[in-house]
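Here is the structure we will look at, set down as structure tokens.
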């Protein structure tokens, strides 16, 4: 069995009375423009594209996609125009090509397998332009500094983590390891009691 843990559904978050009015307005005016899923399942262990296909085929009456969501600590970003010292976490989101559950509000360029889309905020702060090659200085798994470079194929109006976010397609990874499963299904429970419950999908 492949055990999956349901972590959050946007409709559930919006129904919680503990949210302030300002937070509620943020989700209704920003997050709902970005996500089209009912829930996101966070995998305890990342799975491959082949395993994702098995999960999709085992669940009826639902749209399931693979995605990668993870935070990386970035020291600086260099665009060739200027260097931006960040020393903060950034969110990297990788989605399936043609995703129907994650909307990328691109304002310039387009999302493609050739590179990444950066938030409008990062573009403004670091002078990033479409077509630039951008270097991110982060931590290597062994604690050393690591520089990774991507080509910028688009700029988007992304407010995830306050705009400290970049997006791309799963194809950017040489060997995609899926960490999250956005799900769209008409029969998912909408109450907060469903939050943090586990769901099991059979796999031979």
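The values are calculated or read from the model by the stated rules, or taken from the named source; none is laboratory data. Just so it is clear, the structure is predicted and the values come from calculations on it, not from any experiment. So basically every Cβ, Gly included, is an ideal-geometry build from the backbone, and we count neighbours across all protein chains shown.
Is it the case that segment 150-160 has a residue that's in contact (Cβ under 8 Å) with a residue 60 or more places away in the chain, exposed (fewer than 15 other Cβ atoms within 10 Å of the Cβ) and in a loop (DSSP other than H, G, I, E, B)? Taking every residue of segment 150-160 in turn, none turns out to be in contact (Cβ under 8 Å) with a residue 60 or more places away in the chain, exposed (fewer than 15 other Cβ atoms within 10 Å of the Cβ) and in a loop (DSSP other than H, G, I, E, B). Among the residues of segment 75-90, none qualifies, meaning not one is modelled with pLDDT under 90, closer than 17 Å to residue 170 by Cβ, in contact with a strand residue (DSSP E or B) (Cβ under 6 Å, 6 or more places away or on another chain) and surrounded by fewer than 18 Cβ atoms within 10 Å (Cβ to Cβ). Scanning segment 57-70 for residues that are modelled with pLDDT under 85 and within 16 Å of residue 97 (Cα to Cα) turns up nothing. Of all the criteria given as (1) buried (at least 18 other Cβ atoms within 10 Å of the Cβ); (2) at pLDDT 90 or above; (3) farther than 29 Å from residue 52 by Cβ, the one not satisfied by residue 166 is (3).
Can you name the residue in segment 107-117 that is outside any strand (DSSP E or B) and surrounded by 13 or more Cβ atoms within 10 Å (Cβ to Cβ) and, of all such residues, is farthest from the chain's Cα centre (by Cα)? Let's see the steps before the verdict.
Looking only at segment 107-117, we keep the residues that are outside any strand (DSSP E or B), and these are 110-115.
Applying the additional criterion that residues be surrounded by 13 or more Cβ atoms within 10 Å (Cβ to Cβ) yields 111-112, 114-115.
On the way: 111: 14, 112: 15, 114: 18, 115: 15 Å.
Filtering segment 107-117 for residues that are outside any strand (DSSP E or B) and surrounded by 13 or more Cβ atoms within 10 Å (Cβ to Cβ), the one farthest from the chain's Cα centre (by Cα) comes out as 114.
Starting from residues that are part of a loop (DSSP other than H, G, I, E, B) and within 28 Å of residue 144 (Cα to Cα), keep the ones in segment 59-92 and report whichever is nearest to the chain's Cα centre (by Cα). Break it down into steps so the answer makes sense when it comes.
So the first thing to find is which residues in segment 59-92 are part of a loop (DSSP other than H, G, I, E, B), and the list is 59-62, 65-66, 79-82.
Okay, now just the ones that are also within 28 Å of residue 144 (Cα to Cα), so 79-82.
Numbers: 79: 22, 80: 26, 81: 27, 82: 26 Å.
The extreme case among them is 79.
When residue 56 is tested against (1) in a strand (DSSP E or B); (2) free of Cβ contacts under 8 Å to residues at least 40 places away in the same chain, only condition (1) is not met. If only residues of segment 118-142 that are free of Cβ contacts under 8 Å to residues at least 12 places away in the same chain and under 16 Å from residue 71 (Cα atoms) are counted, the one that is surrounded by the fewest Cβ atoms within 10 Å (Cβ to Cβ) is 141.
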